[in-house]
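Chemist: Got a structure here, written out as structure tokens. Questions coming.
The values are calculated or read from the model by the stated rules, or taken from the named source; none is laboratory data. The model shown is predicted, which means the values in this text are computed figures rather than measured ones. Note that each Cβ is placed from the backbone with ideal geometry, even for glycine, and that neighbours are counted across all protein chains shown. The area values use the complete protein model at the heavy-atom level, side chains included, leaving out ligands, DNA and RNA. Shrake-Rupley method; radii C 1.70, N 1.55, O 1.52, S 1.80 Å.
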Amino acid sequence: MSDTLIEIKDLKCRIDNQNILQGLNLKINKGEVHAIMGPNGSGKSTLSSVLAGNDNYEITKGSITFLGEDITEMSPEERSWKGMFLAFQYPVEIPGVSNINFLRTALNERNKYFGIDSIPAKDFLKMVAEKSMLVGLDNKLKNRSVNEGFSGGEKKRNEIFQMAMLNPKLAILDETDSGLDIDALKIVANGVNKLKSSENATVVITHYQRLLDYIVPDFVHVLHEGKIIKTGDKSLALELEKKGYDWLKTDTAI
Amino acid sequence: MSYTEKELKKELDNKSYEFGFVTDIESDKAPIGLNEDIVKLISSKKKEPQWLLNYRLKAFQIWKTMKEPDWAHVKYTKPDFQNISYYSAPKKKKELQSLDEVDPELLKTMEKLGISIEEQKKLSGVAVDFVMDSVSVATSFKDKLGELGIVFCSFSEAVQNHPELIKKYMGTVVPYTDNYYAALNSAVFSDGSFCYIPKGVRCPMELSTYFRINESGTGQFERTLLIADESSYVSYLEGCTAPSRDENQLHAAVVELIALDKAEIKYSTVQNWYPGDKNGKGGVYNFVTKRGICGYRSKISWTQVETGSAVTWKYPSCILKGDYSIGEFYSVAVTNNFQQADTGTKMIHIGKNTKSTIISKGISAGKSQNSYRGLVKIGKGAKNSRNFSQCDSLLMTDQCGAHTYPYIECENPTATVEHEATTSKIGEEQLFYCMQRGISEEKAISLIVNGYAKEVLNKLPMEFAVEAQKLLEISLEGSVG
Ligand SMILES: Nc1ncnc2c1ncn2[C@@H]1O[C@H](COP(=O)(O)OP(=O)(O)O)[C@@H](O)[C@H]1O
Ligand SMILES: [Mg+2]
């Protein structure tokens, strides 16, 4: 078995006639944590959306291989079933659908795909209790409508709660730290760390080195104009915090 | 995408209308056409008393002078009233004494509808009256209800066994002069359901009627009369299906509710008449007049889930006559393909301190048209009356239409009337969010729509909420665009 979880090769995509990703390469192995940083508008959310299978973006070149399978054309739900998870930068509200019902539907759909019986209510509830503890999700929120009327921080926590419930192979956290105070940040990071194993990997998209004190990355990538322009280790994040991105931008211009 | 458009289409074609089967039962059908003789024939088939025949004939005279209404936001070919058979009864050899004697074909029909009477009896404790084409076929639980003095039977039986109640109340809420279809119904109605709850009695189970049009070339004209005597309570549900046919079938029903002082009636409808095919061919014309009248401190709640019919024209209403009476209207109306619905309610506040609530959730898909039309009228004497209306529309495509026509007439300055309306398109972001979590688009739509309609679905009796949810799912399959 190869250790490669996902491999992105020369990926280009566009939306509304605007090229966003412009030849992106990235390989992630099992057990790794990758951080992606980069200025606003550099394409971080686009990358996570495209990896999750959002077909609003037109892929004009390149490929995505997930667990040895080309998933470039695969539907979002099938990617999800195979272990892809995206914690959204802006989680969506779904009025009238309880968090619990939403997750049960998600799990059952996945089970159906794998030909497994749907999860018994008792086991499901037990799992909910366990996982919500892991991320310190307020008990009340489980029965509320998905993200409806949640505070920014609650939404982010709910994303990680869902992640815990779905136990993905690849989790992409898109600015999950923004909007969290330091205590919430610690709890969320702690939750993410507990879910880490040698079989899965995490991509952390963030602006702040702060989060990386808690979720320690093996690699830090800088994304600029739809391309990774620099890769380093954790120290790169510290450097970026001090110097900003401009020095890198000129670097590539040469 | 692994789930191709083609697969989706195939699934759609297969699932389009689950209830579109025809039952092979011999029926006793009146010759087509409408004239005085037909009215007389129906009346005599039913062995009706003279006064009822006179009532029908008067209604028929009035109907002939009336014009089919055209103010609703619907377009359709007007039915040819001379090309319909006005009476069709499943043939039976003799009077039925018990369920065991019911035609096995008919029992099969009921089972296909998911309402095996036996099951209903055992499991949910719901008493069911089944009306096929025009005639009530079986009423379960009659004895048990009888012990409490509750009468629940077909309208024709009630005419024979409780003529005094029929005579006293029939036509008092919806007079035959009311509108074109009500007049037509009053002339040619063939059966329907009747229910009487005596003073102070809380009906211990849901009462339910299933209507089904089976024969081709027939119309269904049933009448429902429901009387809740002082301080009584009843929850009543009607369900409707019809086979898939190329022609347009006419359904023109009248429902009258009477809630006497301090009584409460909860009336729920799950309407799933055949909507026509995806090109707009066939489907039932559903032209229905439903109205209730409230006495002192009484309450009437209409809850409807409307997913079927090619054209719907329906405004379940409340006349809040008694002081402190309450009227409620909770509606989910789904239209897909070429369906058209013009539905809503009228809340007529007459008594003091009367209160009404209107929650309408329209869902339009395909090329359909979905209109809410409501009137809140506060009379001169309706001091301190209150109304709250909320009309939401959810659009699934760019080709469908949602319209809201709220009319308010207020003649008393102490009243408060609030109206809120929203229109939203089903969010691509919502769908993607669901799909990212492993919920397929179809399922996501059903989840989002059910969430959107939850406030209304929650008002349905438990036993039927699940059925209603399924219906929404089926009606909206492949509807996003
Ligand atoms: N739906 C869209 N239509 C047009 N442009 C878009 C759309 N989504 C993103 N973009 C553009 O793509 C670029 C990258 O955006 P995004 O991926 O959100 O960046 P980041 O997450 O790094 O801040 C931006 O210039 C943004 O304006
Ligand atoms: Mg972003």
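Chemist: Being away from chain B (no Cβ under 14 Å) and modelled with pLDDT under 95, is that true of even one residue in the range A:72-80?
Modeler: No, there is no match, as no residue in the range A:72-80 is away from chain B (no Cβ under 14 Å) and modelled with pLDDT under 95.
Chemist: If you don't mind, another one. Which one is modelled with the lowest pLDDT among residues in the range B:140-160 that are closer than 21 Å to residue B:200 by Cβ and part of a loop (DSSP other than H, G, I, E, B)?
Modeler: B:141
Chemist: Is it the case that some residue within the range A:148-161 is of a type outside the set (A, V, I, L, M), within 26 Å of residue A:8 (Cβ to Cβ) and either away from ligand 2 (no atom under 16 Å from the Cβ) or part of a helix (DSSP H, G or I) (or both)?
Modeler: yes
Chemist: I've got another one for you. Under 6 Å between Cβ atoms, which residue pairs at least 6 apart in sequence (or on different chains) link something in the range A:190-218 that is within 28 Å of residue A:243 (Cα to Cα) with a partner that is open to solvent by 50 Å² or more (accessible area, probe 1.4 Å) and not β-branched (Val, Ile, Thr)?
Modeler: Listed by first residue and then by second, the contacts come to A:209/A:238; A:209/A:241; A:217/A:234.
Chemist: Something else: Pairs only if they're at least six apart or on different chains, beta carbon under 7 angstrom, first in the range A:39-55 and at negative phi, second basic (Lys, Arg) and more than 7 Å from ligand 1 (Cβ to nearest atom); list them, first residue then second.
Modeler: From residues that are at negative phi, the pairs are A:52/A:79.
Chemist: Still on this structure, I have one more. Considering (1) touching a His at 6+ places or on another chain (Cβ under 9 Å); (2) under 18 Å from residue A:175 (Cβ atoms), say which one residue A:33 fails and leave the rest.
Modeler: Residue A:33 satisfies all of (1) touching a His at 6+ places or on another chain (Cβ under 9 Å); (2) under 18 Å from residue A:175 (Cβ atoms) except (1).
Chemist: Select from the range A:165-182 the residues that are aliphatic (A, V, I, L, M) and away from ligand 1 (no atom under 15 Å from the Cβ) and write down the one among them that is farthest from the other protein chains (Cβ to nearest Cβ).
Modeler: Step by step, filter the range A:165-182, then rank; the result is A:182.
Chemist: Of all residues in the range A:82-106 being surrounded by 20 or more Cβ atoms within 10 Å (Cβ to Cβ) and part of a helix (DSSP H, G or I), which is farthest from the other protein chains (Cβ to nearest Cβ)?
Modeler: My answer is A:99.
Chemist: Looking only at the range A:39-53, decide whether some residue is open to solvent by less than 10 Å² (accessible area, probe 1.4 Å), within 14 Å of chain B (Cβ to nearest Cβ) and within 20 Å of residue B:445 (Cα to Cα).
Modeler: yes
Chemist: Sort out which residues of the range B:387-409 are under 19 Å from residue B:320 (Cβ atoms) and open to solvent by 70 Å² or more (accessible area, probe 1.4 Å), and write them in order of number.
Modeler: B:407, B:408, B:409, listed by residue number.
Chemist: Give the residues of the range B:330-354 that are open to solvent by 10 Å² or more (accessible area, probe 1.4 Å), in contact with a Phe, Trp or Tyr (Cβ under 8 Å, 6 or more places away or on another chain), assigned to a strand (DSSP E or B) and over 19 Å from residue B:270 (Cα atoms), sorted by residue number.
Modeler: B:346
Chemist: Step by step: first the residues of the range A:56-71, then only those that are assigned to a loop (DSSP other than H, G, I, E, B) and surrounded by 15 or more Cβ atoms within 10 Å (Cβ to Cβ), then the one that is farthest from the other protein chains (Cβ to nearest Cβ). Which residue is that?
Modeler: A:67
Chemist: Looking at the range A:163-177 only, could you name the residues that are in contact (Cβ under 8 Å) with a residue 60 or more places away in the chain and under 16 Å from residue A:203 (Cβ atoms)?
Modeler: A:163, A:166, A:168, A:169, A:170, A:171, A:172, A:173, A:174, A:175, A:176
Chemist: Continuing with this model, one more query. Checking the condition within 13 Å of another protein chain (Cβ to nearest Cβ) and not charged (D, E, K, R), which residue from A:19, A:111 passes?
Modeler: A:111
Chemist: Another question about this same structure. Please state which of the following conditions residue B:432 fails to meet, knowing it meets all the rest: (1) away from every other protein chain (no Cβ under 14 Å); (2) in a helix (DSSP H, G or I).
Modeler: (1)
Chemist: Another question, then. What residue, of A:164, A:129, is more than 21 Å from the chain's Cα centre (by Cα) and among the small types (Gly, Ala, Ser)?
Modeler: A:129
Chemist: Taking the range A:72-81 on its own, how many of its residues are small (Gly, Ala, Ser) and crowded, with 22+ Cβ neighbours inside 10 Å?
Modeler: Counting residues in the range A:72-81 that are small (Gly, Ala, Ser) and crowded, with 22+ Cβ neighbours inside 10 Å gives 1.
Chemist: Any residue that is more than 8 Å from every other protein chain (Cβ to nearest Cβ), assigned to a helix (DSSP H, G or I) and in contact with a Ser or Thr (Cβ under 8 Å, 6 or more places away or on another chain) - is there at least one of those in the range A:120-130?
Modeler: So far as the range A:120-130 goes, no, none of its residues is more than 8 Å from every other protein chain (Cβ to nearest Cβ), assigned to a helix (DSSP H, G or I) and in contact with a Ser or Thr (Cβ under 8 Å, 6 or more places away or on another chain).
Chemist: Here are B:414, B:397, B:404, B:423: which of them is more than 14 Å from chain A (Cβ to nearest Cβ), assigned to a loop (DSSP other than H, G, I, E, B), closer than 30 Å to residue B:348 by Cβ and touching a residue at least 12 places away in the same chain (Cβ under 8 Å)?
Modeler: Only one candidate qualifies: B:414.
Chemist: Which of the residues belonging to the range B:328-383 are within 22 Å of residue B:421 (Cβ to Cβ) and hydroxyl-bearing (Ser, Thr, Tyr)?
Modeler: B:330, B:331, B:335, B:343, B:345, B:356, B:357, B:360, B:364, B:368, B:371, B:372
Chemist: Name the one entry in B:449, B:456, B:466 that is more than 7 Å from chain A (Cβ to nearest Cβ), surrounded by fewer than 19 Cβ atoms within 10 Å (Cβ to Cβ) and assigned to a helix (DSSP H, G or I).
Modeler: Within the list B:449, B:456, B:466, the selection yields B:466.
Chemist: Does any residue of the range A:12-29 turn out to be part of a loop (DSSP other than H, G, I, E, B) and more than 16 Å from ligand 1 (Cβ to nearest atom)?
Modeler: Within the range A:12-29 (the criterion being part of a loop (DSSP other than H, G, I, E, B) and more than 16 Å from ligand 1 (Cβ to nearest atom)), the answer is no, since none of the residues qualifies.
Chemist: Being within 15 Å of ligand 2 (Cβ to nearest atom), within 19 Å of the chain's Cα centre (by Cα), crowded, with 17+ Cβ neighbours inside 10 Å and not β-branched (Val, Ile, Thr) is true for just one of A:26, A:11, A:5, A:21. Which residue is that?
Modeler: Matching residue, one of A:26, A:11, A:5, A:21: A:21.
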